[in-house]
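Working notes, structure below.
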Amino acid sequence: MSATTESSSHYDHLDKMSIHDLLVNINREDKTVPLAIEKVIPAIGALVSVIVEKMKSGGRLFYIGAGTSGRLGIVDASEIPPTYGMPQGQVIGLIAGGDQAIRQAVEHAEDDPAQAWKDLLHFAINEKDVLIGIAASGRTPYVIGGVKDARLHGIVTGCITCNQGTELAQAVEYPIEVVVGPEFVTGSTRMKAGTAQKLTLNMISTSVMVLLGRVKGNKMVDMQLSNNKLIDRGTRMIMDELKIGAEEARQLLKQHGSVRKAVDSRK
């Protein structure tokens, strides 16, 4: 099956378009991404369910990817502790080429199918955990090798890809195939494919955190109070929940160190 992520753009002569036409046409393409994701919500739900089950039993969630896909996994993983108060190391993102590849491409890092498993072993990955491989093309050797090795060791595997019928999807138990079609710039999968991966990761990790009890009502009651903006937000949450004034709420937050503990202290 042909890879739609590599198909020729619906647009031509981009270099002759006005700024307005470039922006309008990029935006037109971007609008199709949520509709593509909507079609695979059942597949996303199945993966979320098993992640929650595993994490409730002490497991962790891993992402592996190369290039844009790897960076998106790292972004999602790095935001979980400050947003939801999860301990560091519960959600882990790894990129082909190591941390230096976050900022600068590492030549041929994605081409070694054995390297991902070596990287995962540094974190003692085991059958309690879940591994999600992220690859727009669905054919990245680093990612395919990683999920295949993980599955051989009894680890639950899923993937996020933007092509159908890929080797990656066939290698995992919980495939998510968000087919967004050709990119505005032919083959530039940091665009629609990257957006689709980001939105899907948001859906997965947010749903998992809600189901693990890290949200109360609609509020991030376990967020880390790492700057003044978050302290102010936490104060407003306590004010709203307990119907008290700002100064009292701030003192409760300072005393207890989290919104959840501050609210629970009065109930």
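Read the figures in this text as sums done on the coordinates, not as results from a lab. Not measured: the values here are computed from a predicted model. Reconstructed Cβ throughout: ideal geometry from the backbone, glycine too, with neighbour counts over all protein chains shown.
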- request: Please get the size of the charge dipole for the chain, origin at its Cα centre, with Cβ charges of +1 on Lys and Arg and -1 on Asp and Glu, quoted in debye to the nearest 20.
  value: 1260 debye
statement: Computed over the chain: longest principal axis from alpha-carbon atoms vs helix 41-56 long axis, angle to nearest 10 degrees, is 50 degrees
For region 1-104, with +1 on Lys and Arg beta carbons and -1 on Asp and Glu, the positive-most of Ala101, Ala46, Ala3 along the dipole: Ala46
task: Show the residues, 5+ positions off or on another chain, whose built amide H is closer than 5 Å to the amide H of Thr186.
output: Ser9
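Taking the mean number of other Cβ atoms within 10 Å as a proxy for protection, how do you rank 198-205, 33-40 from highest to lowest?
Listed from highest to lowest mean packing, they are 198-205, 33-40.
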message: Between (i) 29, 19, 18; (ii) 26, 21, 18; (iii) 36, 25, 16, which entry matches semi-axes √(5λ) of the Cα gyration tensor in Å as derived from the coordinates of this structure?
response: (iii)
query: In deg cm²/dmol, rounded to 500, what helix-only [θ] at 222 nm does the chain give when every DSSP H run of at least 4 residues adds -39500 (n - 2.57) and the total is split over its residues?
result: -15000 deg cm²/dmol
message: Quick query: amide H of Ile132 versus all other amide H atoms, modeled in the peptide plane; which residues come in under 5 Å with a sequence gap of 5 or more or a different chain?
response: Phe62, Tyr63, Ile64, Gly158
message: Within 15 Å, Cβ to Cβ, of Leu211, how many net charges do the neighbouring residues add up to if Lys/Arg are +1 and Asp/Glu are -1?
response: +2
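First select every other residue whose beta carbon is under 14 angstrom from the beta carbon of Gly70; then total the charges, Lys and Arg +1, Asp and Glu -1.
-2
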query: Which lysines have a Cα lying under 29 Å from the Cα of Lys56, excluding residues fewer than 8 positions away in the same chain?
result: Lys39, Lys118, Lys128, Lys148, Lys198, Lys216, Lys219, Lys261, Lys267
- prompt: List the aspartates and glutamates whose alpha-carbon lies under 16 Å from that of Lys243, not counting same-chain residues fewer than 8 positions away?
  reply: Asp232, Asp264
